[in-house]
Amino acid sequence: MAYTTWRGVVGLVKPTRRPGSLEELIRMLPDGVGLIPSLLNVRAGTLKEFRAAIPVYEEKVREFAADGVDMIICSGTPPFMLLGPKGEAKLVRGWERKYKTTIFSQGMTHVNALKALGIRKFVAASYSALQNRIVIKYMRAAGFQIAAMRPIDVPFDRVGQLTPEEVYAHIKKMFLASRGADGIYIQGGGWRVTPIIELLERDLGVPVVISTTADCWEIQKTLKIRAPLEGYGRLLAELPK
């Protein structure tokens, strides 16, 4: 069965059944863009789960390609970042050839968004020490400098209980203690951070990239849409190329 809407259809593979970021992304998308989600069931955020996820992602990719979607985003950074930028690119490009569909891992959307905003050295945060290690290694291999990156280490199933204000305070403290950062990167889609994007940008004077805005920006770029959106930071307000 082929699905269509007048501006395009996106297949989105989410790593967990956690609510929050999916609804936020749907609200951000321009009229006429359809989004079909498919959910994995990562529950503990362990290295074993991350490594076992790739074959499940591919099955979801195969299903979406058979449905005729216009593009696919494989959300969830750790499973793909564990491969490193080169391994990740090799895997995804192989899927694109095999399934004849445009595909992005979320690591790719993050890197593309950081580069589009001219960010070279950033302060970052995640919600586990494990993810911190994975992200630091990956982003350095992708050519970025990391001024500081520290997690708010909470149980994987309680990330959504952190308040935006807690995340804001954590990031601002790191930023003010660091030197030379020209951007902020908030990794992971489990926490609710859209309310603090513009606060951080105004208070600290640098652009902010989060998972949801990076995906929305990549979707617009890929589907050849230009619908700027206020309230979510520079990436969606300016839609840099």
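Computed quantities for the displayed model
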quantity: Filter result for residue 187 (buried (at least 18 other Cβ atoms within 10 Å of the Cβ), within 16 Å of residue 10 (Cβ to Cβ), in contact (Cβ under 8 Å) with a residue 12 or more places away in the chain and not hydrophobic (A, V, I, L, M, F, W, C)); calculated: no
quantity: Boolean, residue 153 is among the acidic types (Asp, Glu) and crowded, with 17+ Cβ neighbours inside 10 Å; calculated: no
quantity: Some residue of segment 74-85 being touching a Ser or Thr at 6+ places or on another chain (Cβ under 8 Å) and farther than 29 Å from residue 143 by Cα; calculated: no
quantity: Residues satisfying the stated conditions in segment 92-101, i.e. over 15 Å from residue 54 (Cα atoms) and in contact with a helix residue (DSSP H, G or I) (Cβ under 6 Å, 6 or more places away or on another chain); calculated: 99, 101
quantity: Test: residue 118 is touching a residue at least 40 places away in the same chain (Cβ under 8 Å) and out of contact with any helix residue (DSSP H, G or I) (no Cβ under 7 Å at 6 or more places or on another chain); calculated: yes
quantity: Residues of segment 95-119 satisfying the condition of being of a type in the set (Phe, Trp, Tyr) and in a helix (DSSP H, G or I); calculated: 95, 99
quantity: Cβ-Cβ under 6 Å pairs, at least 6 apart or on other chains, segment 29-54 side more than 23 Å from residue 78 (Cβ to Cβ), far side hydroxyl-bearing (Ser, Thr, Tyr); calculated: 32/5; 34/5
quantity: Matching residues, segment 204-241, being under 18 Å from residue 11 (Cβ atoms), in a helix (DSSP H, G or I) and among the charged types (D, E, K, R); calculated: 215, 218, 221
quantity: Test for residue 140: is it among the charged types (D, E, K, R) and either crowded, with 22+ Cβ neighbours inside 10 Å or over 27 Å from residue 168 (Cα atoms) (or both); calculated: no
quantity: Of all residues making up segment 161-183, the number that are under 30 Å from residue 17 (Cα atoms) and surrounded by fewer than 16 Cβ atoms within 10 Å (Cβ to Cβ); calculated: 6
quantity: Matching entry among 111, 135 (being in contact with a helix residue (DSSP H, G or I) (Cβ under 7 Å, 6 or more places away or on another chain) and either modelled with pLDDT under 95 or buried (at least 17 other Cβ atoms within 10 Å of the Cβ) (or both)); calculated: 135
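The values are calculated or read from the model by the stated rules, or taken from the named source; none is laboratory data. Everything quoted here is computed from the prediction, not taken from an experiment. Heads up, the Cβs are rebuilt from the backbone with ideal geometry, glycines too, and the neighbour counts pull from every protein chain shown.
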